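Below is one structure, written out as structure tokens; comments come after it.
FYI, it's all coordinate maths here, none of it is from the lab. As the structure is a prediction and not an experimental result, all values here were calculated from the model. Positions of Cβ are backbone-derived with ideal geometry, glycine not excepted, and every protein chain shown enters the neighbour counts.
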Amino acid sequence: MAPKSTQPLKGFLDKYPQEMAFLNYLIDTVKSVAALYGFEQYDGPVVEPLELYVGKTSKEILEEQAFTLKDRNDQALMLRPEITPSLARMVAAKAQELTFPIRYFNYGLRYRYEAPQKGRNREFYQYDFDIIGSDSLLADIELLSVAVEILKELGGTQDTFVVYINSRSEMNAFFASIGLREDQYRPVLQAIDKRDKVDDEVFINLLVKCGLTTDQTREITQLLAEPDDYKKNFEPIMQLAQAYGIQDYIQVNPMITRGLDYYTGFVFEAKSKIGLTRSLLGGGRYDNLVASFGARPLSGVGFATSDTVLEEFVKDINKVPDLQTTQAPVLVTVFDQSLQKLSIETAALLRRAGIKTELYMNMDTLQKQLKYADKKNIPWVLIIGPEEAKNQNVVLKNMPASSQQICILEDAVGIIKNS
């Protein structure tokens, strides 16, 4: 029998302490920005009824990327590919109790059956920010500012990322002005979304397949190539961006349409200027999502990003922090069986003093215990041998400095705390 594989499923990742340290760094950064902007944390189920997502996420996610299963009652279920439909359901459930506008953020696991590649996995942590209950431009610009702040906190600058903005409602108005039927809006937006991935001939063929005339095709290609007049529609939000001090990070781009079906107005994406080609984050306004659950209409705007793209971005801009996985700065050694109880009591005292402490587990030589501390980058080692036990003191060893001193335990606590 062949040995069992030690590898995780394709697109799923094991996270050892070093990877968890980086994930926690991302989470802490996002939570810090969320707190600065007054966002409250929430969460929803990892598994939802499949029907929750019908009409509330993209056709691509439903038909090609869904992780589906059935319960024992034969109900179709789905591992959440995103959380916005769950949020809309939750808001609709307590619409009479909540104080609007609400400012919510979430981080947690998402699942999409995509082709694993740089910046993309099948299981990933996603970070979502949403404001629901306000149709003000201030909600849009507030989220833009949050997005910029997160990327800046991770080391991004004007030279390394840009946030593109657009509006589906403005695009729809343009489509109407050139004579498109409403049933053509969506397929044309989908074609425009692919513009920067295909050459001119392929793009024109995509528009022709949408039923566009030669004149309509020319109007759209001209808009994408020369959007100066179109940009005037965004002067109000650009003025607000200036007040927020983020105007240099924002650019109007009519090619940004976003793929999720529930977006109705303002949309945006952040792109890296170096390295990663896929979006760093993206979102937009959704006006009909909460009402689809039978609640009163509530306009919402939100965006999401993920650990996979943020990790690649931080690597691309050479801003990976020096993260230590060792949580305990002190190792208490165990000299022998007769002194084990004293070592346990010493470790307990250090922990009561608020010092993170690891107690060595095995009856090994002192040399081996010191080697263990060195390999784990533990800076302080506290040694209690027979002589120290007799004199009621300890040996405190500073590993990086290769020095040590004999002192009473209370003094050792002070030295460690002040280091």
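Observations, loosely collected:
- Region 280-333: C-alpha gyration tensor shape, a/c 1.5 cut-off, then a/b vs b/c: oblate
- Cα gyration tensor, region 17-316 - rounded (a/c under 1.5), prolate or oblate: rounded
- Prolate/oblate/rounded label for region 330-418 (Cα gyration tensor, a/c 1.5): rounded
- The chymotrypsin sites (Phe, Trp or Tyr not before Pro) of region 80-166 meeting both criteria, a DSSP state outside H, G, I, E and B (loop) and at most 16 other C-beta atoms within 10 angstrom of the site's C-beta, are 113.
- Dipole magnitude (debye, nearest 20) for the chain, charges at Cβ of Lys, Arg, Asp, Glu: 1080 debye
- Phi angles across region 376-387 convert, under the Karplus curve 6.51 cos²θ - 1.76 cosθ + 1.60 with θ = phi - 60°, into 3J(HN,Hα) values of 8, 6, 7, x, 10, 10, 10, 10, 10, x, x, 5 Hz, Gly and Pro given as x.
- Helix-only mean residue ellipticity at 222 nm for the chain, each DSSP H run of n ≥ 4 adding -39500 (n - 2.57), per residue, nearest 500: -11000 deg cm²/dmol
- Under 19 Å from the Cα of residue 368 - aspartates and glutamates, other chains or at least 8 residues apart: 336, 358
- Mean Cα-pair separation over length for region 1-113, i.e. relative contact order, pairs under 8 Å, 6 or more apart, %: 31 percent
- Region 17-316: relative contact order in percent, alpha carbon pairs under 8 Å with at least 6 residues between: 24 percent
- Summarising the strand pairing of the chain, around 80 percent of its internal DSSP beta bridges are antiparallel.
- Distance between region 1-80 and region 156-225 - C-alpha centres, whole angstrom: 31 Å
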